[in-house]
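Written below as structure tokens is the structure these notes are about.
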Amino acid sequence: MNHTLSILLQNEAGALVRVAGLFAARGYNIDTLTVAATHDPAVSRLTLSLQCDDDALGQILQQTRKLVDVLQVAHPANALAA
Amino acid sequence: MSGAEVIVQVIAHEGVEVMFGYSGGAILPVYDAVFRYNAEHARADGSEPIPLVVPANEQGAGFMAAGYARASGKVGVAIVTSGPGATNMVTPVRDSMADSIPLVVICGQVGTAAIGSDAFQEAPISNIMGACAKHVFLVTDATQLEATVRTAFTLARSGRPGPVVVDVPKDVQNAALSFRGAGELALNGYRARLRAVEQATLSDADCVALFAALMQAERPLIYAGGGVIAADAAQALRAFVDAFGLPVTTTLMGLGGFDSTDPLALHLLGMHGTAYANYAVEDCDFVLALGARFDDRVAGVPGKFAPRAKFIAQVDIDPAEIGKVKSVDWHHVGPLKRALERLTAYGRAHELRPQLGAWHAHVAELKRVHAMNYDRASALIQPYAVIEAINRHAQGRAIVSTGVGQHQMWAAQYFDFRAPRHWLTSGSMGTMGFGLPAAIGAQFAQRDKLVIDIDGDASIRMNIGELETVTTYGLPLKIVVLNNVGDGMVRQWQKLYFKGRFAASDKSLHKKDFVLAARADGFDWARRLERNDALESTIADFLAFDGPAFLEVMIDPDAGVYPMVGPGASYAQMITGDFIASRAMPVAPEATTTHMF
Ligand SMILES: Cc1ncc(C[n+]2csc(CCOP(=O)(O)OP(=O)(O)O)c2C)c(N)n1
Ligand SMILES: [Mg+2]
């Protein structure tokens, strides 16, 4: 099923690569990806969509939250958002 | 102060006692700063406050730092140059990530202006390490260097520990900076999550729910992992078991987390676990997983793991591990030590004492009937007998490191482990070549302890250059090579799953004389044991030698690792071999190729 995630990320060299790398290493293909500035220049917002089983979604969200430069991970369409 | 001096100053403030690394162009300023720091701060006896131990290969430095960290609980530090120095460090960094071992690795990098130009000895270390470390920093702004290095230590040791890499371009090492002596990077996201986990406490309702299930259980079991050791929770586990009487089985990473000589200890579980531990897992009706992650060597078929358990509870510091493999009925994310102390206090205050007499008798009977055993009448030297003989001297008090393969499993099965941080093994990555450098690092952490590397003839070849490191630094390390003339573990799988076609796993044409090799590297005590009747006296002599000693033992090349829960099999289908009693008729392994590993 298609899921859209919204990730707040420290705007640092390499941070985007680590998010993308995490999804790739765990076998997910990112279908769409947008990186946008926020009102805080040190923080960017990443919006990405991917195909993922509902069961596996919680795990990839938790793994994303382990990345040191990640500030927040949300799944706006779903109660799993936190 | 130069950037290089800032790095050394932060390292000194962090209380680092020893570092491991290999020099090169892009890290020369830091090496020079270490040299000057040690000269200026030499101790009264002339010794250096932060000696820098030089391996034969950077992979050795990484595993030395990891062995130091595993044996001491402190952060291991390694410093290497750019390009090949840093890429040689990838394996120990990934190994430490997979086993949750705290490291700080400082890598030299080409100057900021040259980054991306395919410069001499340039490698994209932040990309490479970013994929396998807990975190990686590429310091391009020299004013952030001090806070970054300090933050690296905090990251490495906090939460679920892991390796942190700091990539420092040469111009940043040479930058003129002022040293502040305090201050870290904000890392708001990480710190907020860490705070939430560290402050998490068990409510009364949590305790009520857990004890309600425990008091109904007739056959409860603790499944303890490496988290018990990382969290310094072994004493809290002991107190919990004293209060409530649950038997304990440990993972490979958890060995030492609970005294294996205790009547309630079931020792190792899983693919090569003891038969009695695995049968206890089959029989139990309640599982309390402590700092353990149901990995595939334990729960190869998650749906068949602990099939009679009506209630599974899990405590871990990492929220991503909860329910990752097996869904659980109760969980707590937080520091394990505090969680166990809270549960023990709650249960005691409410006078909750499960009545487990029948289960204890069952466990004792499993241990008696399905005890570890082997061919004691064989004329060939049995590897199990070698470990048992060493164990009679070590008595669970020596630090033991291993390579990877059959010898690793025999060591895990036949040694006693009485306290944490005495068992150093590459658990998750299973990296051959780990044993010798890890033992070197451990000896630097515990100078007065007996440190023994139980290695394989193939594993030790991977980092055999570090034999010379042992004698260079005069370490009284004891190295045992269990020589079965090949990749024994690979042969065991080829016997079982590839009809005995021993593709590339036989070393009978190999010419190395290990004893001569050890002598060439300065070992005064280096011997080969080939006869059973000399076993006891040789081991006694070997361990009593006051200095580095090397013992090669020519073992039965057909000795296997039993029990074995094959890939895709349940514990009930465990093969126990000819000398360990099985409970059921073992199912013949599929002789077809398997996609499992
Ligand atoms: C670096 C690395 N390469 C390959 C393997 C795969 N492997 C696992 S065990 C093993 C054989 C190890 O042989 P040895 O060290 O002699 O141990 P034995 O099984 O004979 O006791 C191999 C090749 C590995 N674990 N690590
Ligand atoms: Mg071998």
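Computed 3J(HN,Hα) for the stretch B:414-419, one whole-Hz value per residue from the Karplus formula 6.51 cos²θ - 1.76 cosθ + 1.60 where θ = phi - 60°, is 9, 7, 8, 10, 9, 8, glycine and proline marked x.
Note on B:120-130: average number of Cβ atoms from other chains within 10 Å of each residue's Cβ is 2.
Buried surface for the A/B pair, taken as the accessible area of each chain alone minus that of the pair with a 1.4 Å probe, is close to 1200 Å² in total. Be a star and scan the stretch B:290-306 for residues whose amide nitrogen sits under 17 Å from the point 7 Å along the Cα-to-Cβ vector of B:Ala209. Of the residues in the stretch B:290-306, B:290 have backbone N under 17 Å from the label point off B:Ala209. Annotation for B:Arg195 and B:Asp45: the two label points, set 7 Å from Cα along the Cα-Cβ direction, are 4.5 nm apart. Converting phi to 3J(HN,Hα) with the Karplus coefficients 6.51, -1.76 and 1.60 and the offset θ = phi - 60°, the stretch B:169-179 yields x, 4, 5, 5, 5, 8, 5, 8, 10, 9, 8 Hz in sequence order, with x at every glycine or proline.
Please state the charge dipole magnitude for chain B, taken about the Cα centre, from unit charges on C-beta atoms (+1 on K and R, -1 on D and E), reported in debye and rounded to the nearest 20. Don't skip to the end; give the middle numbers.
Values: 51 positive and 61 negative charges, 205 e Å.
Dipole magnitude for chain B comes out near 980 debye.
Summary of the geometry: the stretch B:445-498 and the stretch B:561-577, compared by the centres of their Cα atoms, lie 26 Å apart. Once backbone amide H atoms are built at 1.01 Å from N, B:Leu138 has B:Asp167 as its partners under 5 Å, excluding neighbours fewer than 5 places away on the same chain.
In order along the stretch A:3-13, the Karplus-derived 3J(HN,Hα) couplings, from 6.51 cos²θ - 1.76 cosθ + 1.60 at θ = phi - 60°, round to 10, 10, 10, 10, 10, 8, 10, 5, 7, 10, 4 Hz, and Gly and Pro are given as x. Taking 0.36 nm per residue of separation and subtracting the Cα-Cα distance, full extension of the segment from B:Ala371 to B:Glu536 would add 57.1 nm.
So what is the relative contact order of the stretch B:200-369, in percent, for Cα pairs below 8 Å that sit 6 or more residues apart?
On the way: 313 pairs, mean separation 48.4, N = 170.
Contact order relative to length: 28 percent.
When the protein assembly as shown is described by a simple charge dipole with +1 on each Lys and Arg Cβ and -1 on each Asp and Glu Cβ, the residue from B:Leu343, B:Val565, B:Val480 located farthest towards its positive end is B:Leu343.
Relative to the Cα centre, the charge distribution of the stretch B:486-531, modelled as +1 at Lys and Arg Cβ and -1 at Asp and Glu Cβ, gives a dipole magnitude of about 280 debye.
Using the Cβ-Cβ distance between A:Arg45 and B:Glu184 with R0 set to 25 Å, the FRET efficiency from 1/(1 + (r/R0)^6) comes to roughly 0.50.
Treating the beta-carbon of each Lys and Arg as +1 and of each Asp and Glu as -1, no other charges, what is the dipole magnitude of the stretch B:3-197 about its Cα centre, to the nearest 20 debye?
Values: 14 positive and 17 negative charges, 163 e Å.
Approximately 780 debye in magnitude.
Of the residues B:Ala584, A:Val17, B:His41, the one whose Cα sits farthest toward the positive end of the charge dipole of the protein assembly as shown, with +1 on the Cβ of Lys and Arg and -1 on the Cβ of Asp and Glu, is B:Ala584.
For B:Lys304, the aspartates and glutamates whose Cα falls under 14 Å of its own Cα, not counting residues fewer than eight places away in the same chain, are B:Glu282, B:Asp283, B:Asp285, B:Asp295, B:Asp296. A crude spin-label estimate for the pair A:Asp54 and B:Glu218, with each label 7 Å from Cα along the Cβ direction, gives 3.8 nm.
How much of the DSSP beta bridge set in the protein assembly as shown is antiparallel, as a percent to the nearest 5? If you can, show how the numbers build up before the last one.
On the way: 23 of 86 bridges.
Counting DSSP beta bridges with both partners in the protein assembly as shown, the antiparallel share is about 25 percent.
To make sure I understand the rule: partners must be aspartates and glutamates, Cα under 19 Å from the Cα of B:Lys499, and not fewer than 8 residues away in the same chain. Which ones qualify? The qualifying aspartates and glutamates are B:Asp487, B:Asp558, B:Glu590. Going 7 Å from the Cα of A:Ser6 toward and past its Cβ, which residues in the stretch A:34-74 have a backbone nitrogen under 15 Å from where you end up? So the set is A:34-40, A:44-49, A:71-74.
Hey, what did chain A get for relative contact order, percent, Cα under 8 Å, at least 6 apart? Mind dumping the intermediate values first?
Working: 133 pairs, mean separation 34.8, N = 82.
Once divided by the residue count of chain A, the mean separation gives 42 percent.
In percent, how large is the relative contact order of chain B, given Cα pairs closer than 8 Å and 6 or more residues apart? Relative contact order here is 13 percent. Candidates B:Val208, B:Gly334, B:Ala196 compared by Cα position along the dipole of the stretch B:192-342: farthest toward the positive end lies B:Ala196, with charges placed on Cβ. Take each residue in B:566-572, count the other chain C-beta atoms within 10 Å of its C-beta, and the mean is 0. Checking every one of the chymotrypsin sites (Phe, Trp or Tyr not before Pro) in the stretch B:22-53 against DSSP loop status and a limit of 12 other Cβ atoms within 10 Å picks out no site at all.
If you average the alpha carbon positions of the stretch A:1-43 and of the stretch B:205-227, how far apart do those two centres end up, in angstrom? That distance is 39 Å.
Under 16 Å from a label point set 7 Å out along the Cα-to-Cβ vector of B:Thr143, the amide N atoms of the stretch B:150-179 belong to B:172, B:175-179. Modelled label positions at B:Leu352 and B:Phe35, each set 7 Å beyond Cα in the direction of Cβ, lie 6.3 nm from each other.
Subtracting the Cα-Cα distance of B:Lys512 and B:Thr261 from 0.36 nm times their residue separation leaves 86.5 nm of extension gain.
With helices as the sole contributors, the protein assembly as shown gives -10500 deg cm²/dmol at 222 nm; each DSSP H run of n ≥ 4 counts as -39500 (n - 2.57), and the sum is divided by every residue. Shown here for the stretch B:124-179: trypsin sites (Lys or Arg not before Pro) in loop regions (DSSP other than H, G, I, E, B) with at most 13 other Cβ atoms within 10 Å, of which there are none.
When its C-alpha radius of gyration is set against 2.2 N^0.38 Å (N residues), chain B gives a value of 0.99. A 24 angstrom limit on the alpha carbon distance is what I want to check against. Which of B:Lys367/B:Lys449; B:Lys449/B:Lys507; B:Lys324/B:Lys495; B:Lys74/B:Lys170; A:Lys66/B:Lys324 exceed it? Among B:Lys367/B:Lys449; B:Lys449/B:Lys507; B:Lys324/B:Lys495; B:Lys74/B:Lys170; A:Lys66/B:Lys324, the Cα-Cα distance tops 24 Å for B:Lys367/B:Lys449; B:Lys449/B:Lys507; B:Lys324/B:Lys495; B:Lys74/B:Lys170.
The distance from the alpha carbon centre of the stretch B:244-263 to that of the stretch B:1-56 is 40 Å, rounded to a whole number. Straightening the chain between A:Ala77 and A:Ile30 buys 15.2 nm, computed as 0.36 nm per residue apart minus the Cα-Cα spacing. Efficiency by 1/(1 + (r/R0)^6): what FRET value for B:Leu177 and B:Asn127, r their Cβ-Cβ distance, R0 = 41 Å, to the nearest 0.05? The calculated FRET efficiency here is 0.95.
The values are calculated or read from the model by the stated rules, or taken from the named source; none is laboratory data. Here the structure is a predicted model, which means the values were calculated and not measured. Ideal geometry is used to build each Cβ from the backbone, glycine not excepted, and the neighbour counts take in all protein chains shown. Heads up: the accessible areas ignore ligands, DNA and RNA and are worked out on the full protein's heavy atoms, side chains in. Shrake-Rupley method; radii C 1.70, N 1.55, O 1.52, S 1.80 Å.
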